[in-house]
C-alpha cells in the first residue's frame, strides 16, 4: 500500500468511526422508541413484510413507500426487536453518509478538504442527537448527499462526462423516501447527469437520466395503485399539509392539524375523510388569498425560525416526546435537552449565516458547484414554508448546507484569498448574529398577528374498528384537534378543565364498545348506561393508548370526559367474550 493510499484508508476509517460510533453511542444511551409518524413508518414496514407489498391501509395516505420498503427488508433480517433494529440501522446509515464527500470528491479536492467535508457530516451534533429517530428525513440523507456530491464533482472536473444513470437512480431513491425531493434535487440531478454539457450528447444524457429515474418510480406508482387504486408517486395529503400551514393558529408551532379549520368552514367534511382531502387544496387557496399579506410575512418568519431553531426542535422527538424513552432515562434526557438546545440554536445560526455568506461568494465568483447545492437548499426551504415548516424536515437541507460550507472553506483556504477570507468570515458572523436576534422577534410578531383557531364545540368521531359515529359536544372548553376517530379536548384560557359529553351508537351483538385513552393524568370519566351513571378511572399503561371496555352490547351509552389540557380520546369496538386488549403501544412493537 502506498503512503497516499494508507492516508486515504486512515481518513475513511476515522470518518466511519466518528460518524457511526457517535450515533450508536448516543442511541445506546438514549434508545428512542418510534412515536407518532415514526411509529407509523415502522408499522407500515411490518405490514409490508407480513402482508405483502400491496397491503392496503391508511399508511398510503400519509407516507411514501421508500422507507417502509427498506424497513420491511430489514425486518426480514431481524424479525425480533424491530424497533431497535430500525433505530440502530438509522444511526448506521446516517453515520456512513459522512464517507460520501470523502470518496466522491477525491478527483477534485485534496485529502484535508475532503476530511473536513466528511467531518462536518460525521460530527454534526443536531443529526447525532436525531440519529435514533426512524425518520424519512434521516434515510433520505445518503441519496441526497451522494447526488449533490456527484453534481459538484461534475461541475468542478471538466473531464468528468457526467453520470446520468447513477444520477437518475439516486434521484429516484430520494423521491421514493421524501416526495418533495422531486423538486428539491432537480438542479443537482441535472448537474450530476452532465447537464449542461456538450450539446451533441445532451439529449442522450437527459434521456438516460429520465429512464433511470422513471423505472423505479413507475414501480412505486404501480405498487400504490395495487394497494389503493390510485396511480401516483405522491401521497394525497399534500393539500392538508398546506392547509395546516395556513390555518389560523398555526404560526406558533408552524403547523396545526387543519381538520378543525376545515370542519369549521364546511361542516359537511367532518364525516368524509376523502372529501376532506380533496377539498383541502381549495380551502388552502382560499385561505391564502384571504390573508395573503400575513402569509407572506409568516413564511419569512418561518424561514428565519427554521434557520435557527430546527435542530433544537428535533430534540423533542429523540428525547422529549411522550413514550420516546424509558422512564428511567427521563431525567437524563431532560438535562441533556436543557444543555444542548441553546448550543444547537447557536450552531444552526452559524451554519445558516455562513451558508448565506457562501452563497454570496459563489454568486460573486460564479461558482456553479456551490450554487447548485445552494439552489437545492433554498428550494427545500421554499417547499417547507409552503407545506410544513417543521424543524425535522430541514435535516436534508442542513446536510446540503454543510457540503456548501466545506466547498466554501476549501475555496477561502486557497492562496491569495486572504482579503476575501476576512470579508466573508465577517459577513457570515454578522448574518448568524442577525438571525439569532431577528428570528425570535419575527416569530413572536407572526403569532401576535395570527388569528385565533376556530372554536369548534361539536364533532362526530368515527368508531375505530367498526361502523358508526359518536356525537361529541364540548360542554366546557373546546376541541383542540379532531381527526377521524381521535379528538383532543382542551380547556379555554382561564378555565381549569375541559368537559366533553359523547353519545355512543348502540353496539352490535357479540361486541362491546371501548373508550380509547392516551396515558394522561387527571382524566375523569363518567359513564351513563341504561340511565345509571357511574364514575370510572381506568388504569392506563404508560407510553401509549389503551382501549378500555365500557358496557355490553345493546346498552345506550353516554360518556362524559373531564380533564386537563391535551386530553386525547376516541372510541372503538372490543370483543365482549375476551379480555379488553390494549391498543399497540410504542414499546409493544415486536
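The values are calculated or read from the model by the stated rules, or taken from the named source; none is laboratory data. Just so it is clear, the structure is predicted and the values come from calculations on it, not from any experiment. For neighbour counting, all protein chains shown are included, and Cβ atoms are generated from backbone atoms with ideal geometry for every residue, glycine included.
Does the stretch 525-537 contain any residue that is assigned to a loop (DSSP other than H, G, I, E, B), out of contact with any strand residue (DSSP E or B) (no Cβ under 9 Å at 6 or more places or on another chain) and at pLDDT below 65?
Initially, the stretch 525-537 is screened for residues assigned to a loop (DSSP other than H, G, I, E, B), giving 530-531, 537.
After this cut, where a residue has to be out of contact with any strand residue (DSSP E or B) (no Cβ under 9 Å at 6 or more places or on another chain) as well, the list is 531.
Subset that is at pLDDT below 65: 531.
Yes: one or more hits.
Consider residue 254 against the criteria (1) in a loop (DSSP other than H, G, I, E, B); (2) crowded, with 19+ Cβ neighbours inside 10 Å; (3) at pLDDT 90 or above: it satisfies all of them except one. Which criterion is unmet?
(3)
Those residues that are under 20 Å from residue 246 (Cα atoms) and either in the same structural domain as residue 280 (by TED's automatic domain parsing) or buried (at least 24 other Cβ atoms within 10 Å of the Cβ) (or both), I need them from the stretch 353-390; list them, please.
Within the stretch 353-390, the subset under 20 Å from residue 246 (Cα atoms) is 379-390.
Residues satisfying the conditions are 380, 384, 389.
Is one or more of the residues making up the stretch 307-322 in the same structural domain as residue 140 (by TED's automatic domain parsing), in a loop (DSSP other than H, G, I, E, B) and touching a residue at least 24 places away in the same chain (Cβ under 8 Å)? Spell out how you get there, then give the answer.
If we filter the stretch 307-322 for residues that are in the same structural domain as residue 140 (by TED's automatic domain parsing), which is where we start, we get 307-322.
Filter once more, keeping what is in a loop (DSSP other than H, G, I, E, B): 321-322.
With touching a residue at least 24 places away in the same chain (Cβ under 8 Å) added as a condition, the list becomes 321-322.
For the stretch 307-322, residues in the same structural domain as residue 140 (by TED's automatic domain parsing), in a loop (DSSP other than H, G, I, E, B) and touching a residue at least 24 places away in the same chain (Cβ under 8 Å): present.
Determine whether residue 273 is over 30 Å from residue 444 (Cβ atoms), exposed (fewer than 14 other Cβ atoms within 10 Å of the Cβ) and not assigned by TED's automatic domain parsing to the domain that holds residue 37. Give the derivation first.
Working: over 30 Å from residue 444 (Cβ atoms): yes; exposed (fewer than 14 other Cβ atoms within 10 Å of the Cβ): no; not assigned by TED's automatic domain parsing to the domain that holds residue 37: yes.
Here the answer is no, as residue 273 does not meet what is asked.
Just to verify a result, which residue in the stretch 368-403, among those that are outside any helix (DSSP H, G or I) and touching a helix residue (DSSP H, G or I) at 6+ places or on another chain (Cβ under 7 Å), is modelled with the lowest pLDDT? Can you show your working first?
Going residue by residue through the stretch 368-403, those that are outside any helix (DSSP H, G or I) are 388-390.
Narrowing the set further to residues that are touching a helix residue (DSSP H, G or I) at 6+ places or on another chain (Cβ under 7 Å) leaves 388-389.
Numbers: 388: 82, 389: 85.
Here the answer is 388.
If the requirement is being buried (at least 17 other Cβ atoms within 10 Å of the Cβ), under 25 Å from the mean Cα position of the chain (by Cα) and within 27 Å of residue 251 (Cα to Cα), which of these qualifies: 339, 333, 296, 284? Let's see the steps before the verdict.
On the way: 339 fails: buried (at least 17 other Cβ atoms within 10 Å of the Cβ); 333 fails: within 27 Å of residue 251 (Cα to Cα); 296 fails: buried (at least 17 other Cβ atoms within 10 Å of the Cβ).
The conditions single out 284.
Matching residues to (1) over 30 Å from residue 7 (Cβ atoms); (2) buried (at least 20 other Cβ atoms within 10 Å of the Cβ); (3) at pLDDT below 95; (4) not assigned by TED's automatic domain parsing to the domain that holds residue 390:
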residue: 99; (1), (2), (3), (4): no, yes, no, no
residue: 110; (1), (2), (3), (4): no, no, yes, no
residue: 139; (1), (2), (3), (4): yes, yes, no, no
residue: 156; (1), (2), (3), (4): no, no, yes, no
residue: 160; (1), (2), (3), (4): no, no, yes, no
residue: 164; (1), (2), (3), (4): yes, yes, yes, no
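So, residue 329, is that one part of a helix (DSSP H, G or I) and within 30 Å of residue 244 (Cα to Cα) or not? Working first, answer last.
Numbers: part of a helix (DSSP H, G or I): yes; within 30 Å of residue 244 (Cα to Cα): no.
No; evaluated as a whole, the condition is false for this residue.
Can you spot a residue in the stretch 512-522 that is touching a strand residue (DSSP E or B) at 6+ places or on another chain (Cβ under 9 Å), assigned to a strand (DSSP E or B) and either over 30 Å from residue 268 (Cα atoms) or at pLDDT below 65 (or both)? Give the derivation first.
So the first thing to find is which residues in the stretch 512-522 are touching a strand residue (DSSP E or B) at 6+ places or on another chain (Cβ under 9 Å), and the list is 512-522.
Then drop every residue that is not assigned to a strand (DSSP E or B), which leaves 512-518.
Retained after the next criterion (residues that are either over 30 Å from residue 268 (Cα atoms) or at pLDDT below 65 (or both)): none.
Checking the stretch 512-522: not a single residue is touching a strand residue (DSSP E or B) at 6+ places or on another chain (Cβ under 9 Å), assigned to a strand (DSSP E or B) and either over 30 Å from residue 268 (Cα atoms) or at pLDDT below 65 (or both).
So that you can scan it fast, the table gives a plain yes or no per residue for (1) touching a strand residue (DSSP E or B) at 6+ places or on another chain (Cβ under 6 Å); (2) surrounded by fewer than 14 Cβ atoms within 10 Å (Cβ to Cβ); (3) more than 20 Å from residue 243 (Cβ to Cβ); (4) not assigned by TED's automatic domain parsing to the domain that holds residue 359:
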site: 426; (1), (2), (3), (4): no, yes, yes, no
site: 429; (1), (2), (3), (4): no, no, yes, no
site: 437; (1), (2), (3), (4): no, yes, yes, no
site: 442; (1), (2), (3), (4): no, no, yes, no
site: 453; (1), (2), (3), (4): no, no, no, yes
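Is it the case that the stretch 284-304 has a residue that's modelled with pLDDT of 90 or more, closer than 22 Å to residue 135 by Cβ and in the same structural domain as residue 382 (by TED's automatic domain parsing)?
Yes, because at least one residue in the stretch 284-304 is modelled with pLDDT of 90 or more, closer than 22 Å to residue 135 by Cβ and in the same structural domain as residue 382 (by TED's automatic domain parsing).
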